[in-house]
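To start, the structure under review is shown below, and the notes come after it.
The values are calculated or read from the model by the stated rules, or taken from the named source; none is laboratory data. Since the structure is predicted, the reported quantities are computational estimates derived from the model, not experimental observations. Here the Cβ is made from the backbone with ideal geometry for all residues, glycine too, and neighbour counts use every protein chain on show. Areas reflect the complete protein model, heavy atoms only, side chains present, ligands, DNA and RNA absent. Shrake-Rupley method; radii C 1.70, N 1.55, O 1.52, S 1.80 Å.
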Amino acid sequence: MIMVIALALAAAVQGGVGTARAEKAGTATGRQLLFYNHAYGVLDRETADAIEHSSYLRNFAAFQVRTTTGADGQTWTGRYLMGRETYLELFGVGDLPGKDGTLGATGMGVSTERAGDLPTVIERLRKAGITDPVEFRQTRDFGDGVPVPWFDAVFTTGEYDLFGAWGMEYRPEYFADPRGNTEPASHPGDVGRERYLPDTYRDRPMRDVTGIRLAVTVRDLANTVPLLKAGGFAVRSLPGGGVVANRGGTTLRFDSVPLEQVGLKQVEMSLNQPVPYRHVEPIGHSALVVGPGPRAVWTFAEQDPPGTAGRGS
């Protein structure tokens, strides 16, 4: 589920969100409606290939390499680490079309747990001054040429540098399709992440993504903060212009950097069981440190700057 499929609408959208400032106190208002679902990053080819062929990752997480067909026949092949409620999606340079396939490009989806909460998020955005949010319905084709409604999504804008965040809500048609391998609802209106993801995480050490650190431009951060606030995250500012967003089990950190320094920086994960040792697994230009205790930290090294092709919108 990547940003490029919705941002084909960007040409029809005029203007950005403008400047948004995080509240220093980081106080959330109202019921939390959006929760971290997944994030993606575009890595150098050597690292992406090392991830794809890593035997360690296949033992560490519910890992898969999958090609997906979305709306309008858009396809993408990602490397996935699936948890109980959250996951991580990784690409190599050129795996996505256009600037979305640039080294350092990233994206993040935050999703609802209850049916009908996404319209409330959109209403909150409009009240916060986002008068024309970009709404989109994603579909999935399981190979028979018949698209199944997958999820509804909203962006604060169609203009971005190399990062975008979207709010999303899974569709009942997707849960009803047995090919989705989803779980039965645990309560009326359940469209949650745990229902969407399979329970294969139980057989591996990795349980969930508990922290994500992304370096993004000032413009992309300004476009993101209103969505986080509308979703009920507690957002606080950091020295240097970044923000941290909490609530819901995953800490989201965004560092504000020049375009040539953007990218996925670090991922923190919880484990199903604590481990008594510290293991360091080099994977391309990255290092996954597992333990000691119930957590793992995956750090991605600085890469060559993104190319100039496709900058801006």
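Key figures
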{"read-out": "Two-site label geometry, S186 and E135: point separation in nm, points 7 Å out along Cα→Cβ", "value": "2.9"}
{"read-out": "Modelled FRET efficiency - R0 51 Å, A301 with E123, Cβ distances, 0.05 increments", "value": "0.75"}
{"read-out": "Inter-centroid distance (Cα atoms) of the stretch 102-175 relative to the stretch 190-255, Å", "value": "15"}
{"read-out": "Accessible surface of the chain [probe 1.4 Å, protein heavy atoms]: carbon and sulfur percent", "value": "50"}
{"read-out": "Among D203, D132, D152, residue whose mean-square fluctuation peaks in a GNM of the chain (springs only between Cα atoms under 10 Å)", "value": "D203"}
{"read-out": "Cα-projected label distance for Q64 with T77, points at 7 Å along beta-carbon direction, nm", "value": "1.6"}
{"read-out": "Rounded to 5, percent antiparallel among DSSP beta bridges of the chain", "value": "75"}
{"read-out": "Ranked packing of 292-299, 74-81, 214-221, most packed first, by mean Cβ within 10 Å", "value": "214-221, 74-81, 292-299"}
{"read-out": "Most fluctuating residue given options A105, A115, A234, as computed from a GNM of the chain linking Cα atoms under 10 Å", "value": "A115"}
{"read-out": "Electrostatic dipole magnitude of the chain [Cβ: Lys, Arg +1; Asp, Glu -1; Cα centre; debye, to 20]", "value": "940"}
{"read-out": "Accessible-area value, H285, 1.4 Å probe, nucleic acids and ligands omitted, Å²", "value": "80"}
{"read-out": "The chain, relative contact order [Cα under 8 Å, separation at least 6], %", "value": "23"}
{"read-out": "Among G107, G73, G83: highest mean-square fluctuation, GNM of the chain, C-alpha pairs under 10 Å", "value": "G73"}
{"read-out": "Lysine pair number, Cα distance threshold 24 Å (strictly under), the chain, separation 8 or more or different chains", "value": "6"}
{"read-out": "Accessible solvent surface per residue of the stretch 34-300, calculated while the other protein chains remain in place, 1.4 angstrom probe, Å²", "value": "38"}
{"read-out": "Full-stretch length increase - H285, Q32 - with 0.36 nm per residue and alpha-carbon distance subtracted", "value": "87.5 nm"}
